[in-house]
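Below is one structure, written out as C-alpha cells; the observations come after it.
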Amino acid sequence: MAKKSFRQALNDALHAEMARDPRVIMMGEDLTGGAGANGVKDAWGGPFGVTRGLLGAFGPERVRDTPISEAAFIGAAAGAALTGLRPIAEIMFVDFAGVCLDQIMNQAAKFRYMFGGRAKTPLVIRATYGAGSRSGSQHTQALHSLFTHIPGLKVVIPSNPYDAKGLLLQAIRDDDPVIFLEHKMLYDTVGEVPDASYTIPFGEARVVRDGKDVAIIAIGRMVGVAEEAARSLASEGISACVLDPRTTSPLDEDTLLEVTEKIGRVVIVDEANPRCSVATDISALLADQCFDALKAPIKLVTAPHSPVPYAPNLEDAYIPTPAAVMKAVKSIVKR
Amino acid sequence: MSLIEAVTIPKWGMTMTEGKITQWMISEGGAVARGQEILEIETTKVTNVLEAASSGTLRRIVLNEGTTAPVGALAGVIADESATQEEIDAFIQSYADRLGSGEDGEAGSPAARSVAVEGGSVNLLEAGEAGEDVVVFLHGFGGDLTTWLFNQPALAETMRTIAVDLPGHGASSPVAGGDILAKIVSSVEEAIRPLAPGKIHLVAHSFGGAVAAAMAARQPARVGSLTLIAPIGLSKQMNRDFLVDFVAAERRRPLLAVLERLFADPSKITNDMVEGTLRFKRLEGVPEALGAIADTIANESGQSQSIGKTLAELACPITLIWGEEDQIVPVPQDKEIPANVEIRKIKGVGHMPQMEAAATVNDAINSNINKRH
C-alpha cells in the first residue's frame with residue numbers, strides 16, 4: 001500500500017468523488033491558484049496545494065475560484081446544495097467563518113429543520129485550522145467548538161492521512177452540512193492510504209492505542225501529541241489508551257463512555273481555547289455518565305484563554321505538548 | 001560459570017519487525033521452568049505468549065510492560081542463582097553492544113508482492129529455503145495472508161513457502177460473478193504456477209479448505225499433502241450468522257463482537273486486528289465481494305460446499321486440524337470424515353488453531369508433509 005501525505009489523501013478523495021458523481025462541484029478562493037507566471041491555470045491548487053489538478057480534470061464549471069467574499073460564496077454553496085448539487089466549498093482559514101457565519105449557522109444548518117425535512121443540504125465546507133505556522137491570531141484558531149455547538153451541522157476533524165480520505169469521502173456523500181476541518185500542520189504528514197475509495201462512518205471513534213492506566217482523548221493534531229506522550233509514558237511504566245473521536249458532531253459517546261468505565265482516569269487534549277469547548281463538553285458527559293467509575297478528576301490539556309500569539313516562542317508555548325499531557329496523566333495516575 | 005539466557009522479542013510472521021510487551025507473567029526474581037509462559041507480546045494481529053527456553057530465575061526485566069521493541073531486542077534475563085549482579089549487568093551490556101554493532105540478525109525481511117493474473121492480481125508472500133516442494137498457505141473468509149503469522153516462518157525454516165491473499169482479500173483484486181469459487185481457484189493456480197511448478201503441499205483454513213480441495217481435485221498428482229484447518233464442506237452445520245454479521249459490521253464494536261466468536265479466548269484479539277479488518281472491509285467493492293463469497297459458503301439450510309467426496313478420492317496424506325471449541329464451523333462427526341483422512345482435535349481452541357495453538361499446528365503440518373505413502 002502506498003504511503004501518501006494528508007494533502008495527497010484529500011486530493012485523492014476529491015478526484016475520486018468528482019469523477020464518480022457529476023453533481024459534486026467545488027468553490028473557494030484560489031482553489032486553482034490563478035494563472036502561473038506562464039499563464040498556466042491550476043498551477044497552485046490553493047495555498048496548501050490540496051486542490052491541485054482538479055481544474056484540469058473537471059473544468060471551470062465544476063471547480064470555481066471565487067472572489068474574496070465568504071458571505072457570497074458560502075451562501076451560494078448552501079443554495080446550490082438545496083437545488084440538488086453537492087458543493088464542496090472552502091474557507092481558506094476557518095477564522096474567516098466570522099464573515100459567513102449567518103450562511104452556515106442560520107441558513108445551511110437549519111434548512112432541513114425549518115423546511116420540515118423537505119429540504120436537504122448536502123454541503124461540505126472544508127477549512128484549514130490550527131496553530132504552528134506563525135500566521136498570527138486571525139489565521140490559526142481552532143473553532144470546532146463553535147460548530148459543534150450548532151445543531152444541524154456535522155463536524156469532522158481527521159488526524160491522519162488514512163482518516164482524511166475516508167472521512168472526506170463520507171462527508172461528500174453525506175446529505176447534511178459538514179464542516180470538515182484540516183489542521184494546516186498535518187498536510188505534510190504521511191501514512192498508508194489505499195488507492196481505492198473507502199468511507200469511514202461518522203460518530204465512530206478510533207482506538208489509536210490500547211492501554212489500561214489512563215485514557216487520553218485527543219482531537220485533530222493533538223492525536224499525534226497524545227501518541228507521543230503515550231510512548232514516553234510507556235517507558236515509565238504507565239500504559240495509556242489513546243482515543244481519536246474523529247467527529248465531534250456526531251460524537252461517538254458509546255466508545256468514550258465504554259473506555260472511561262473500564263479505565264476510570266481521563267485526560268482530554270484539545271488545541272482550542274478552554275472556555276465552552278469540545279473538551280469541556282466531553283468532560284461533562286463523562287462526569288455525568290461515568291461518575292462512579294471515575295477514580296480521579298478529568299484533566300483537560302488545552303491552549304490558554306488567549307488569542308494565538310504571533311511571536312514564535314509564544315505560539316509554541318500556546319500549543320499543548322506531549323510534556324503537558326504527560327504531566328496531566330501523572331497528576332491522576334498513582335505512580 | 002553461570003548460565004545466563006536472554007529473553008528476546010521473537011520473530012512471529014515474516015514481516016514482523018517489532019513487538020509490544022503487554023504483560024510479564026512472572027515478576028523479577030520469580031522462578032521459571034523451561035516451557036513456562038513468561039511474556040505476553042502483542043503483534044499486529046494477535047497477542048501471543050512467549051515460553052521460557054530454559055529454567056532458572058527471571059533475574060532482570062529489561063523492557064517494561066507497554067514497551068515496543070524491535071525483534072531480537074533483549075527483554076529480560078534468566079539465570080540461575082549463582083550468577084552475580086555484575087555478570088547480569090555485563091550480559092545486558094554485551095547485548096546492547098551486539099545489537100548496536102549493526103548485527104541485526106535479519107537484514108531485509110521478505111516483502112509481499114503482487115503477481116498479475118487474468119482479470120487482476122494476486123498478492124502473495126514467499127519465504128523459505130529454495131527447494132522442489134512448496135508449502136502453499138490459503139487463509140479463510142475475511143482473512144488474509146497474515147493469518148499464517150505464527151506458521152509461515154516456522155515452516156520456512158525447512159521448506160519454501162508461499163502465503164496467498166485470496167482474490168477479494170488482503171491486497172488481491174476481487175473476482176465477481178458466476179462461479180466464484182472456481183474463479184478463485186483459477187486465480188490462485190495461475191499465481192503460484194510459475195513460482196511452484198513442482199509438488200505443492202496445501203495448508204488451508206476454513207473457506208480456504210474448499211479452495212484447496214478444489215485445487216487437489218483438479219491436479220491430484222501435483223498435490224503432495226493436504227492439511228486442512230477447520231475447513232468448510234465436511235458437515236452441513238455452520239454458523240451462518242457469523243458470515244452475515246461479519247459482512248454487516250461497519251463499526252468497531254460490532255466487528256469486535258463478531259471477531260470474538262473466532263477465538264476460544266477472545267482476549268487474544270488486539271485493537272490492531274480489529275482496525276485492520278475494518279480498513280479492509282471499508283474498501284469499495286469489498287462488502288459485495290465478501291457477500292458473494294459468503295453465499296457460496298452457506299445458505300439458510302447450512303453449508304453449500306461439500307468436499308468429503310473429493311477428499312475420499314485423493315491419494316495424498318490428508319490431515320484435518322480442529323479446535324474443539326470452534327463456534328463457526330463445528331467439529332464434524334466421525335461419519336462425515338472420509339476413511340483416508342486423519343483428524344487432530346485440539347482442546348481449548350476455537351476457529352483459529354493456527355494462531356491459538358501455533359506450535360501444535362506447525363508440528364501437525366510438518367508431520368503431514370513428511371508422511372510417505
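Read the figures in this text as sums done on the coordinates, not as results from a lab. From a predicted model like this one, the values you see are computed outputs, not experimental measurements. Cβ coordinates were reconstructed from backbone atoms using ideal geometry, including for glycine residues, and neighbour counts include every protein chain displayed.
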**Report entry** Radius 13 Å from Cβ of B:Phe137, net charge of other residues (Lys, Arg +1; Asp, Glu -1)
**Finding:** -2
Requested in this report: Mind checking region A:136-229 for chymotrypsin sites (Phe, Trp or Tyr not before Pro) that DSSP puts in a loop (not H, G, I, E or B) and that have at most 14 other Cβ atoms within 10 Å?
Outcome: none
Query raised in the report: Given the Cα atoms of region A:79-157, and with Rh set as the inverse mean 1/r over their pairs in the Kirkwood sense, what is Rg to Rh to two decimals?
Result: 1.01
Query raised in the report: If you take the Cα atoms of region A:206-332, find Rg, then find the Kirkwood Rh from the mean of 1/r over all pairs, what is Rg/Rh?
Result: 0.95
Report summary line: Taking a label point 7 Å from the Cα of B:Ser267 along Cα-to-Cβ, the residues of region A:255-272 whose backbone nitrogen sits under 17 Å from it are A:262-263
Query - Cα-based reach from B:Lys183 at 26 Å (exclusive), listing lysines while leaving out same-chain residues under 8 positions away - result: B:Lys199, B:Lys236, B:Lys281, B:Lys309
Requested in this report: Name the long-range amide H neighbours of A:Ile217: under 5 Å, sequence gap of 5 or more, or other chain; modelled H, no Pro or chain starts.
Outcome: A:Leu243, A:Val267, A:Ile268, A:Val269
Report summary line: For region B:161-209, shape from the Cα gyration tensor axes a ≥ b ≥ c, cut at a/c of 1.5 then a/b versus b/c, turns out prolate
Requested in this report: Diagonalise the Cα gyration tensor of chain A and give the resulting equivalent ellipsoid semi-axes, square root of 5 times each eigenvalue, largest first, whole Å.
Outcome: 34, 21, 19
Report summary line: B:Arg34 and A:Arg275 label points (each 7 Å along its Cα→Cβ direction) are spaced in nm at 7.1 nm
**Report entry** For region B:112-370, size of Cβ-based charge dipole, Lys and Arg +1, Asp and Glu -1, in debye
**Finding:** 120 debye
Requested in this report: Counting other beta carbons within 10 Å of each Cβ, put A:Tyr129, A:Tyr310 in order, fewest first.
Outcome: A:Tyr310, A:Tyr129
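Across chain B, where is the longest run that never hits GluC sites (Glu not before Pro) in a DSSP loop with at most 10 other C-beta atoms within 10 Å?
On the way: sites that count: B:Glu81, B:Glu103, B:Glu118, B:Glu129, B:Glu300.
It works out to B:130-299.
If you average 1/r over all unlike Cα pairs in the protein assembly as shown and invert the result, what Kirkwood radius do you get in angstrom? Please list the in-between numbers first.
Numbers: mean 1/r = 0.0357 Å⁻¹.
Answer for the protein assembly as shown: a Kirkwood hydrodynamic radius of 28.0 Å.
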**Report entry** Sorted by Cβ neighbour density within 10 Å, fewest at the top, the residues B:Leu320, B:Leu138
**Finding:** B:Leu320, B:Leu138
Report task. For chain B, just list the percent of Cα-Cα distances falling in each 20 Å bin from zero outward, please. Result -> 28, 54, 17, 1
Query - Student exercise, region A:85-154 dipole from Lys, Arg, Asp, Glu Cβ charges, in Debye to nearest 20 - result: 360 debye
**Report entry** Candidates B:Asp245, B:Asp144, B:Asp89: whichever shows maximal mean-square fluctuation once chain B is modelled as a Gaussian network with Cα springs under 10 Å
**Finding:** B:Asp89
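What does the convex hull of the Cα atoms come to per residue for region A:2-193, in Å³? Spell out each step's value before the answer.
Details: hull volume 21.7 nm³, N = 192.
Convex hull of Cα atoms, per residue: 113 Å³.
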Report task. Using DSSP, restrict attention to beta bridges with both residues in region A:177-335 and report what percent are antiparallel, rounded to the nearest 5. Result -> 20 percent
Report task. Can you give me the three principal axis dimensions of region B:214-373 from its C-alpha atoms, in Å, biggest first? Result -> 49, 31, 28
Requested in this report: Could I have the simple spin-label model distance between A:Arg23 and A:Met114, label points 7 Å from Cα toward Cβ, reported in nm to one decimal?
Outcome: 2.2 nm
Query - Exceeding the 24 Å Cα-Cα cut-off - candidates A:Lys154/A:Lys327; A:Lys110/A:Lys299; A:Lys212/A:Lys299; A:Lys262/B:Lys345; A:Lys120/A:Lys184 - result: A:Lys154/A:Lys327; A:Lys110/A:Lys299; A:Lys262/B:Lys345; A:Lys120/A:Lys184
Query - Rounded tilt (10° steps) of A:222-235 against the dominant C-alpha axis of chain A - result: 30 degrees
Report task. Return, for the Cα atoms of region B:234-307, the radius of gyration and Dmax in Å, separated by a comma. Result -> 13.1, 35
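With charges set only on the Cβ (+1 for Lys and Arg, -1 for Asp and Glu), what does the dipole of region B:4-107 come to about its Cα centre, in debye to the nearest 20? Mind dumping the intermediate values first?
Values: 7 positive and 17 negative charges, 59 e Å.
My answer is approximately 280 debye.
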Requested in this report: Give me the angle, in degrees from 0 to 90, between the Cα long axis of helix A:322-332 and the longest principal axis of the Cα atoms of chain A, rounded to the nearest 10.
Outcome: 40 degrees
Report task. Note the angle between two axes, namely the Cα long axis of helix A:253-263 and the longest principal axis of the Cα atoms of chain A, as a number of degrees from 0 to 90, rounded to the nearest 10. Result -> 20 degrees
Query raised in the report: Can you pull the Kirkwood radius for region B:4-107, inverse mean 1/r over Cα pairs, to one decimal in Å?
Result: 13.9 Å
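What percent do you get for the relative contact order of chain A when only Cα pairs under 8 Å and 6+ apart count?
Numbers: 750 pairs, mean separation 53.3, N = 335.
Relative contact order, chain A: 16 percent.
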Report task. May I ask you to list the trypsin sites (Lys or Arg not before Pro) in region A:63-148 that are in a DSSP loop and have at most 10 other Cβ atoms within 10 Å of their Cβ? Result -> A:Arg118
Report summary line: Note to self: C-alpha centroids of region A:291-312 and region B:162-208 sit apart, in Å, by 53 Å
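Can you tell me the FRET efficiency between A:His305 and B:Arg251 if r is taken as the Cβ-Cβ distance and R0 is 35 Å, rounded to the nearest 0.05?
Efficiency, from the Cβ-Cβ distance: 0.45.
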